[in-house]
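Heads up, the thing below is written out as structure tokens.
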Amino acid sequence: MNKFKQFFVSVGRWIKKATFATGRWIKKSTFATGRWIKKATFAIGRWIKKATFAIGRWFKKTALSIANFFVQLFTHPKPMFKRLLNSSTFSSFSSSAIAVVIGLLFGLILMLVTKPQDAFEGFWRILLGGFNNPDIMRGIGDMLYVATPLLLTGLSVGFAFKTGLFNIGASGQYTMGMYFALVAAFTLEGNWVVCLLAGIIGGALWGFIPGLFKAVFNVNEVITSIMTNYIGVYFVDMMIKNDTTMFMSIEQRTYPVPLNAAMPTFGLDKLFNGSRVALGLILAISTAIILYYVLNKTKFGFELRACGLNKNAARYAGVNEKRSIILSMVIAGALAGLAGAINIQTGGNPYSPKNVIAPMGFNGIPVALLGVSHPIGIIFSALFIAHLQRGGFFLQLLDFKPEIIDIIVGIIIYFSAAALIIKSYLPKLIAKFRKKKVTEPAVENEQDNNVDISQEVVDPASQEIIDTASQEVVDSASQVAKNSASQNESNTDEEK
């Protein structure tokens, strides 16, 4: 009985201790949770307060800028026009516009040579672009669908340009991102988010290779990027043909991605009357805005741009040059891989392995050049190139070859490559012309006011006074020189 009594007493004590311990733990946890909730509430309140003040300041600055713009426009239009001519925005826009106009004129000349009777109608179809479609909304949607991968590959090339690199390997990174998305869709059976992430990883890995060789071994990224283009295409085609889960051997193309891996439209297909435009367009535009913020508003972007402008100066300032080069190529590859993933997930597009480099990566080069490598400018240049491509599609109705658009785009590439030269020298030419225009009347007035003294008539008495004064000045100067020489000799003797 005593043993049972001791056992129950021990169990009671243990239950009592456990109850008190549990109570203390619950009390501490409750206080800790309360403190955490209090801190979180204060932190959220402070963040909302800061965000509200920041938004208010932004609206205030925007309103003041707009008011200042109209004040200067209506009060001092001439100085404002002069500042506009000398601004970098005007030079960038004008250089790109000149390249576009020259490319379109070459296209018109080519159509006049090949088929003059329909040349002007065909040129008008090129200018209309997606608006050739009787269903205007459907035509706009198709243009936006074509512009989505162009925008991302243009961002890939333009981002590398901003950091001092030439990412000509966007085609290989695009193909690798597309393949990784296919693997995630068919093998891993992932949803559309998993496929997008897989495409980003694939493109980033393929961009890492030229970045590593450039940073460590100083191998030119153009050479390694071209090599990775061919390696990527042949590798992807070989892997797809050997995978029966995604490849149809009879039709020599891949299956369309499953519905769970397809890019959602969020009503954009209904808005544009059955077009294939989807969420990828919003993702691409958001990516461009994020890149603009990162490059221009963050320390990381400043380090990348500083390394691209001058590696030695960036290294002296403490920037890790090798890390910046590798990260630049990785980010550029990730953007191209995202383009490949979005394209294969949108509209049920199959992939046909033909051992041909994807042209979408190379099309990103004129997009980047035409947008002067500016993320916001690349958005508009991608829309313009897509507009031309849709015009080339409708150009076939007049028995013109759609390759005319490729020729126009190629010419735009060459002249866009000279956009930096135009951008650099156009303000100088304008300033030189304005300076010449201002100085010519001043020079004429100065020439009119100048008097040739040698032609004036001087009477003999005045001439004698002038000669006497000149002789006195010469004698005084010689006397001063003699006194200075004697003083120097006396100083020398004293030092000896």
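Summary table
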| item | result |
| --- | --- |
| Mean Cβ count within 10 Å, highest first, over the residues of peptides 387-395, 347-355, 206-214 | 206-214, 387-395, 347-355 |
| Net charge, L128 excluded, C-beta distance under 15 Å - Lys, Arg +1, Asp, Glu -1 | -1 |
| Exceeding the 19 Å Cα-Cα cut-off - candidates K162/K299; K49/K299; K241/K354 | K49/K299 |
| Alpha carbon centroid spacing (whole Å) that separates the range 330-367 from the range 314-328 | 29 Å |
| Amide proton proximity set for T346, modelled H, under 5 Å, gap of 5+ | M263 |
| Amide H within-cut-off set for R253, under 5 Å, with H built and near neighbours excluded | M248 |
| Sparsely packed chymotrypsin sites (Phe, Trp or Tyr not before Pro) within the range 233-295, loop by DSSP, other Cβ within 10 Å at most 11 | F266 |
| Label-reachable residues, the range 333-373, where backbone N falls under 19 Å from a point 7 Å from V101's Cα toward its Cβ | 370-372 |
| For peptides 29-41, 116-128, sequence by mean Cβ density within 10 Å, most packed first | 116-128, 29-41 |
| Positive minus negative residues near P375 (Lys, Arg vs Asp, Glu; Cβ under 13 Å) | +3 |
| Charge sum, other residues only, whose C-beta stays under 11 Å from K115's C-beta, Lys/Arg counted +1 and Asp/Glu -1 | -2 |
| Protection proxy ranking of 105-115, 134-144 - average other beta-carbon atoms within 10 Å, highest first | 134-144, 105-115 |
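None of the figures in this text is laboratory data; all of them are computed from the coordinates on show. Here the structure is a predicted model, which is why all the values come from computation and not from measurement. Methodologically, a virtual Cβ is constructed for each residue, glycine included, from the backbone with ideal geometry; neighbour enumeration extends over all protein chains shown.
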